[in-house]
Amino acid sequence: PRVCVVGSGPAGFYTAQHILKHHGGALVDIYEKLPVPFGLVRFGVAPDHPEVKNVINTFTQTAHSERCTYYGNVTVGRDVTVPELQQAYHAVVLSYGAEDNRVLGIPGENLPGVYTARAFVGWYNGLPENQDLNPDLSCETALILGHGNVALDIARILLSPLQLLRKTDITDSSLAALACSKVKRVWLVGRRGPLQVAFTIKELREMINLPGARAVLDPADFTGLESAVKDAPRPRKRLTELMIKTALEKPVEMQAAAAGAAAPREWGLKFQRSPQEVLPSADGRRARGIRMALTCLEGSGDSAKAIPTGNVEELECGLVLSSIGYRSLPLDPAVPFDSQRGVIPNSSGRVEGVPGLYCSGWVKRGPTGVIITTMNDSFDTAQSVLEDLQGGVLDMSPSKEGFGLVESILCSRGVRPVSFSDWEKIDAAEVARGKAAGKPREKIVDPAEMLRIIGH
């Protein structure tokens with residue numbers, strides 16, 4: 001059987017890995033629109049979290065299997081359509097993730113100085129489409145809308161001492177921009193309360209222990225929460241206790257010597273505030289602050305809803321980052337898509353009403369969860385593919401020739417795929433450049449330059 005996987009992030013690679021492992025004869029082709037593989041492991045994971053990127057070793061092993069082939073630089077839906085892939089393969093799995101972001105839907109969100117978390121993370125992680133972002137870091141106060149791990153990642157990158165960032169694979173240009181940054185205060189704002197934050201304790205602890213930055217949490221926000229979390233699940237209980245402990249600690253005056261005369265950098269959490277409008281500067285040319293509705297909570301736990309109280313508050317900030325979630329987009333008119341939920345309608349990864357078509361990862365279940373969540377989800381989809389291969393559900397006609405057919409289509413459209421060994425040349429070039437600068441790699445951010453390196 002010939003199987004094709006669209007997308008080379010964790011969802012794509014874990015799906016391929018499971019099929020190859022449990023079917024001794026299956027051939028799996030992985031298609032990726034960028035020349036370089038690994039999706040959000042490369043472009044989403046924070047540069048100062050190198051241990052999270054170790055899964056790349058597993059994915060590389062999968063790509064080296066003689067029954068697996070990688071085709072980068074191929075945009076499915078444009079260079080080759082999904083129906084064309086269905087003609088060529090016995091099963092097609094869509095694992096292309098969430099390449100858009102949710103919008104705030106408020107006045108002023110398009111002002112200069114307002115960025116989505118997705119674009120900002122892509123900027124410092126070397127995602128080609130975000131390299132011209134050029135975020136304005138000339139203000140002292142930044143505000144991040146959202147209480148998830150991505151919001152904490154961004155706050156940490158904005159406030160980290162440069163010597164910590166220099167040792168990571170953060171891009172050269174974003175490091176240069178951060179070196180000139182005037183940002184010294186970051187607020188993370190959420191519509192709901194401390195019991196509804198989405199970040200995890202590991203990321204919060206890392207933020208609290210960040211050298212040269214102090215946490216500013218208002219003890220009043222945590223009144224009565226000790227008893228409220230008594231019976232909560234252990235992770236939620238420990239997370240809340242850590243916030244309470246941090247709020248009640250008297251800020252240790254930073255050693256004058258270490259801090260020099262400069263005021264320390266600081267960050268804090270604000271709760272029960274919902275953005276209403278990004279306020280423009282006097283000349284209307286950029287963001288100068290944000291107006292927020294104060295909310296009260298109806299219900300409790302994860303299902304609590306934030307209801308505006310009618311009171312508002314304004315906060316001065318020259319940099320606004322919205323971290324309210326990623327969003328999947330439809331790939332091809334031939335594929336059903338639920339635009340309300342931003343997913344492909346499916347059952348256990350089988351796309352509704354289209355036999356032989358599957359999905360895994362964020363486009364299957366929505367943009368939530370960490371790499372391990374995606375792994376389990378992808379194994380679940382791969383299992384559905386294996387069951388259908390064994391159960392005679394799929395059209396197993398021998399005329400499906402896989403890449404043979406796709407190659408002639410791509411050739412006729414002037415598209416030249418990038419192989420995995422091509423990627424390894426790009427990888428070697430990045431590692432060599434990084435070594436010269438004392439970092440693990442210096443990412444190449446221009447696809448044209450990537451193609452030049454491999455002689456395309």
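Within the stretch 61-70, the set of residues being touching a residue at least 60 places away in the same chain (Cβ under 8 Å) and open to solvent by less than 30 Å² (accessible area, probe 1.4 Å) comprises A63, Y70. Any residue in the stretch 391-401 that is over 31 Å from the mean Cα position of the chain (by Cα), in the same structural domain as L34 (by the TED database), among the β-branched types (V, I, T) and open to solvent by 20 Å² or more (accessible area, probe 1.4 Å)? Within the stretch 391-401, one or more residues are over 31 Å from the mean Cα position of the chain (by Cα), in the same structural domain as L34 (by the TED database), among the β-branched types (V, I, T) and open to solvent by 20 Å² or more (accessible area, probe 1.4 Å). Within the stretch 144-167, being more than 19 Å from P264 (Cβ to Cβ) and over 18 Å from the mean Cα position of the chain (by Cα) holds for R166, K167.
Put simply, of V55, V114 the only residue that is within 25 Å of S174 (Cβ to Cβ), aliphatic (A, V, I, L, M), under 21 Å from the mean Cα position of the chain (by Cα) and not assigned by the TED database to the domain that holds L389 is V114. Looking at V45, V82, V41, just one residue is crowded, with 18+ Cβ neighbours inside 10 Å, more than 20 Å from the chain's Cα centre (by Cα) and at pLDDT 95 or above, and that residue is V82.
Checking each residue in the stretch 5-31 for being closer than 21 Å to E430 by Cα and free of Cβ contacts under 8 Å to residues at least 60 places away in the same chain picks out no residue at all. Kindly indicate whether any position in the stretch 414-422 is under 29 Å from K21 (Cα atoms), part of a loop (DSSP other than H, G, I, E, B) and open to solvent by less than 60 Å² (accessible area, probe 1.4 Å). Scanning the stretch 414-422 turns up at least one residue that is under 29 Å from K21 (Cα atoms), part of a loop (DSSP other than H, G, I, E, B) and open to solvent by less than 60 Å² (accessible area, probe 1.4 Å).
Taken over the stretch 96-120, the residue count meeting the criterion of being touching a Gly at 6+ places or on another chain (Cβ under 6 Å) and either crowded, with 19+ Cβ neighbours inside 10 Å or within 12 Å of F43 (Cβ to Cβ) (or both) is 3. Residue check: E129 meets all listed conditions (1) surrounded by 23 or more Cβ atoms within 10 Å (Cβ to Cβ); (2) assigned by the TED database to the domain that holds L165 but one, namely (1).
The values are calculated or read from the model by the stated rules, or taken from the named source; none is laboratory data. These numbers come from a predicted model, not from an experiment. Please note: Cβ atoms are built from the backbone with ideal geometry, for glycine as well, and neighbour counts cover all protein chains shown. Surface accessibility is based on the protein's heavy atoms, side chains included, excluding ligands, DNA and RNA. Shrake-Rupley method; radii C 1.70, N 1.55, O 1.52, S 1.80 Å.
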